[in-house]
Amino acid sequence: MEIIILPTSAEVGRTAAAHIASLVSRDPSAVLGLATGSSPLGIYAELARGVELGLIDFGQARAFALDEYVGIPLDHEQSYATVIRTEVVEPLRMNASLVQVPDGRAADIEAACDRYEADIVEAGGIDLQILGIGSNGHIGFNEPTSSFASRTRIKTLAPQTRDDNARFFASLDEVPSHCVTQGLGTIMAARHVLLVAQGAKKADAVAAAIEGPVSSLVPASILQHHPHATIVIDEEAASALTLADYYRYVYEHKPHWQRVPPLPY
Ligand code: GLP
């Protein structure tokens, strides 16, 4: 795991965006895994600036979203299909026909989940998966005790997740109780995973994921087994890490040829 601790949330967005810009400049038809939630919004905003300046082109990039709610209409302002369209596809000027979101409304959800997995394989797999982390350690919507081998499927949202996400809805009652999410096995199959976290509310989950035992009680801890995981966090999210100084030292001494070029704007 590479752990990058930065002073501010804004720098988290810029540094994570630089990883994505670097990939897409090398491989314009890269396959991205997109996350929703508030954590990656800074990444998308930084990338959108690069697109507006004509410095990055996502026109050929393909993408698969991590998850979707079950039980709200497609055009609901909080459906992840809507959020991905308004926060990612439009600002990054992606080709909408190359961007897929799991279908939370399919009559046969299991069949739709299997198709989603097959589509990812057919696209050649995900090159870079963006991730946030839930305060209970979830990634995507893989709640505690999710199988490490899980694939895209329907899940029941944990009460803590519904509480955390109530801020996006008019009331807690309106937060769906189910979702469709890529599994931990799906996420682990991505060639590179890039997790971002900001703020003190994430500090315990981040510490458990990075330094705790690998346990399905903290789904993000499975990333310790990923061959190429990059964790970009701000000081507050890093505040419960035992070895924070060591991670800073390693990052400062990273060989220059391994460094991702900073955004040129
Ligand atoms: C959400 C999403 C996750 C996200 C996490 C944290 O519900 N399903 O993909 O990473 O929970 O959300 P936030 O970034 O808003 O804190």
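The values are calculated or read from the model by the stated rules, or taken from the named source; none is laboratory data. Predicted model, so just to flag it, every value in this text is computed and none were measured. Quick reminder, even Gly has a Cβ in these numbers, built from the backbone with ideal geometry, and neighbours come from all protein chains shown. In case anyone asks, the SASA skips ligands and DNA or RNA and just uses the protein heavy atoms, side chains included. Shrake-Rupley method; radii C 1.70, N 1.55, O 1.52, S 1.80 Å.
In region 110-165, how many residues are part of a strand (DSSP E or B) and in contact with a Cys (Cβ under 9 Å, 6 or more places away or on another chain)?
Matching residues across region 110-165 total 4.
One residue stands out in region 106-118 among those that are touching a residue at least 24 places away in the same chain (Cβ under 8 Å) and closer than 19 Å to LEU34 by Cβ: the one that is surrounded by the most Cβ atoms within 10 Å (Cβ to Cβ), namely TYR116.
Among residues of region 236-265 that are under 17 Å from GLU211 (Cα atoms), those with a Cβ under 7 angstrom from a residue that is in a helix (DSSP H, G or I) and open to solvent by 40 Å² or more (accessible area, probe 1.4 Å), sequence gap 6+ or separate chain, pair up as GLU236/ALA200; SER239/ALA200; ALA240/ASP204; LEU241/GLU211; THR242/GLU211; LEU243/GLU211. The set of residues in region 166-175 that are away from the ligand (no atom under 13 Å from the Cβ) and either in a helix (DSSP H, G or I) or at positive phi (or both) comprises LEU172, ASP173, GLU174. The set of residues in region 210-224 that are open to solvent by 10 Å² or more (accessible area, probe 1.4 Å) and touching a residue at least 60 places away in the same chain (Cβ under 8 Å) comprises ILE210, SER216, LEU217, VAL218, ILE222, GLN224. Restricting attention to region 45-66, the residues that are within 12 Å of the ligand (Cβ to nearest atom) and either part of a loop (DSSP other than H, G, I, E, B) or open to solvent by 10 Å² or more (accessible area, probe 1.4 Å) (or both) add up to 1.
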